[in-house]
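Here's the structure, in structure tokens; my notes come after.
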Amino acid sequence: MTFKRHPVTNDIIMLKNEDAIKRAVQNLVRTQIGERFFNTKLGTRITSSLFELANDDYIEPIQTEIEMVITQYEPRVVLQQVVVESRPEENALDVSIQYKIVGLNSPSQNVQFILEPTRL
């Protein structure tokens, strides 16, 4: 994660509007169930799925889980499409999420990122 700095004050710049929502959607998908103290049901089990054998059988449950977490926990968006593609040679998933922002007359927004297993 990279943070941009304000050129004058050298403080971290706060994300606003579309950028803040985009980051929130991505954070929801990356949050593991039980990771948030006061909302233990928030999150997905996707991170643990990344260590399973890569095949197309686990793509649909992951897509469904992403759709559910965004629909339940991000009221600022209307989900339009979730696409998850497997990259078995890299043991990674390409995730693309398309949504419209509620109350804002703007074109559909798209968030794309790669989910890879990490070791601490």
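List of remarks:
Residues checked against (1) part of a loop (DSSP other than H, G, I, E, B); (2) at pLDDT 90 or above; (3) touching a Leu at 6+ places or on another chain (Cβ under 7 Å):
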site	(1), (2), (3)
Lys22	no, yes, no
Arg36	yes, no, yes
Thr71	no, yes, yes
Val84	no, yes, yes
Tyr99	no, yes, yes
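Rundown of residues vs (1) touching a residue at least 12 places away in the same chain (Cβ under 8 Å); (2) among the hydroxyl-bearing types (Ser, Thr, Tyr); (3) more than 19 Å from Thr31 (Cα to Cα); (4) surrounded by fewer than 12 Cβ atoms within 10 Å (Cβ to Cβ), yes/no style:
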| site | (1), (2), (3), (4) |
| --- | --- |
| Glu65 | yes, no, no, no |
| Thr71 | no, yes, no, no |
| Glu74 | yes, no, no, no |
| Leu79 | yes, no, no, no |
| Val82 | yes, no, no, no |
| Ser86 | yes, yes, yes, no |
| Asp94 | yes, no, no, no |
| Val102 | yes, no, yes, yes |
| Leu115 | yes, no, no, no |
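- Taking the numbered list (1) at pLDDT 75 or above; (2) more than 28 Å from Asn105 (Cα to Cα) in turn, Thr9 passes all entries but (1).
- Condition check for Leu79: in a loop (DSSP other than H, G, I, E, B), of a type in the set (A, V, I, L, M, F, W, C) and out of contact with any Pro (no Cβ under 9 Å at 6 or more places or on another chain): no
- The residue list Thr47, Thr64 contains one member that is modelled with pLDDT of 90 or more and in a helix (DSSP H, G or I), which is Thr64.
- Members of segment 104-113 found to be in a strand (DSSP E or B), in contact (Cβ under 8 Å) with a residue 60 or more places away in the chain and either surrounded by fewer than 12 Cβ atoms within 10 Å (Cβ to Cβ) or not aromatic (Phe, Trp, Tyr) (or both), listed by number: Gln109, Val111
The values are calculated or read from the model by the stated rules, or taken from the named source; none is laboratory data. Keep in mind it's a predicted model, so treat the numbers as computed, not measured. Neighbour counts run over all protein chains shown; Cβ positions are idealised from the backbone, glycine included.
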